[in-house]
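The values are calculated or read from the model by the stated rules, or taken from the named source; none is laboratory data. What you see is a predicted model; the values in this text were computed from it and never measured. When we count neighbours, we look across all protein chains shown, and the Cβ atoms used for this are built from the backbone with ideal geometry, even at glycine. Surface areas here come from the heavy atoms of the whole protein model, side chains and all, with no ligands, DNA or RNA. Shrake-Rupley method; radii C 1.70, N 1.55, O 1.52, S 1.80 Å.
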Amino acid sequence: MEEIKKKRIFSGIQPTNVPHLGNYLGALQNWVKLQDEYDCAYSIVDLHSITVRQDPARLRRQTAESYALLIAMGIDPEKSIVFVQGHNPAHAQLSWILSCYTQFGELSRMTQFKDKSQKHPENINAGLFTYPVLMAADILLYQADCVPVGIDQKQHLELTRNIADRFNNLYGETFTVPEPYIVKSVAKIASLADPTKKMSKSDDNPNATIFVLDDRDTIMRKFKRAVTDSGCEVRRGEGKEGVENLMSIYAAVTERSFEDIEREFEGKGYGDFKTAVGEAVADSLAPMQERYKQIIADKSYLEKCMKEGAEKAYKASRKTLQKVSKKVGFIVL
Ligand code: TRP
């Protein structure tokens, strides 16, 4: 019987911050699940992160930590390709080629470029401008069919599709044109300090965000301080965004319905509810945190995984780079 080839998924994450609960419940947990159905390649995109100034020692440490965290979360380096972007030189190579098939005007319209250049007016470098081309190279190198991305990256994915189409029209079928992978029914997690805002890694309020490596005491403290309302009923409703957010988190980590949760906390106050949510979150993160501690302490294991990941990534992308090089007229040895 002929084996059915699985579809390819590609996604990337910047190493420059520990993911928060929103990233975890909304995206990363799904990366883990996708491994059953798809042939997945996941990358820690260190090249992307130097578009803003980084402290070198910190970047190095965070790259290792992010890598360890992906494995601790359940990304299986045997099953999937897990690698550091900079370890496969093909990304930078294809990115250069594709930049010659991307228009200045297209890149100027990218809202993330506009936002980031406003935030860092002192360092509007060319890399910040061509960032989406490198992202296109990441995706197209692996002939990805689907790319799980958040809403903030949809414009970049649309550009990737345009670049792929353009290249295919000029030179014949070369790249798979990737589809966005829209995650169904993921919990949208808001800030604990202001439920009208998304949970964010760069919130000024330290109690607004739960990071996936926060210890139990920190998690409990943050949930105890979570903003609710002047009422006392655990249910959804007008002006109850804070409670609803806590309910969403509780529902996501315990896999229970809102109705179930309302029933459980009938007649109980917010204090009890916050404690229960904090405990449920701490419990659900604990096994992953334990694995993380083991992996990050085992330098040789981490290095071995990175090396094998880099090799697999190189092998999976080499053919595409060669094909592209030939098509544009380079001598391929
Ligand atoms: N730009 C993405 C982000 O900041 C990270 C990224 C880089 C990515 N390359 C990618 C995501 C390829 C999906 C596919 O979140």
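Summary table
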{"read-out": "Only listed residue being within 20 Å of residue 221 (Cα to Cα), surrounded by 15 or more Cβ atoms within 10 Å (Cβ to Cβ) and more than 25 Å from the chain's Cα centre (by Cα), chosen from 243, 277, 253", "value": "243"}
{"read-out": "Subset of segment 201-213 (residues that are hydroxyl-bearing (Ser, Thr, Tyr) and modelled with pLDDT of 90 or more)", "value": "209"}
{"read-out": "Residue check for residue 332: surrounded by fewer than 20 Cβ atoms within 10 Å (Cβ to Cβ) and under 30 Å from residue 84 (Cβ atoms)", "value": "yes"}
{"read-out": "Single residue of segment 151-183 satisfying the filter (within 16 Å of the chain's Cα centre (by Cα) and open to solvent by 60 Å² or more (accessible area, probe 1.4 Å)) that is nearest to the ligand (Cβ to nearest atom)", "value": "152"}
{"read-out": "Where residue 217 falls short, out of the listed (1) surrounded by 15 or more Cβ atoms within 10 Å (Cβ to Cβ); (2) part of a helix (DSSP H, G or I)", "value": "(1)"}
{"read-out": "Residue in segment 186-205 that is more than 23 Å from residue 26 (Cα to Cα), in a loop (DSSP other than H, G, I, E, B) and open to solvent by 30 Å² or more (accessible area, probe 1.4 Å) present", "value": "no"}
{"read-out": "Any hit, segment 53-61, residues being modelled with pLDDT under 95 and open to solvent by 20 Å² or more (accessible area, probe 1.4 Å)", "value": "yes"}
{"read-out": "Residue count, segment 114-150 (criterion: part of a helix (DSSP H, G or I) and either within 11 Å of the ligand (Cβ to nearest atom) or open to solvent by less than 40 Å² (accessible area, probe 1.4 Å) (or both))", "value": "16"}
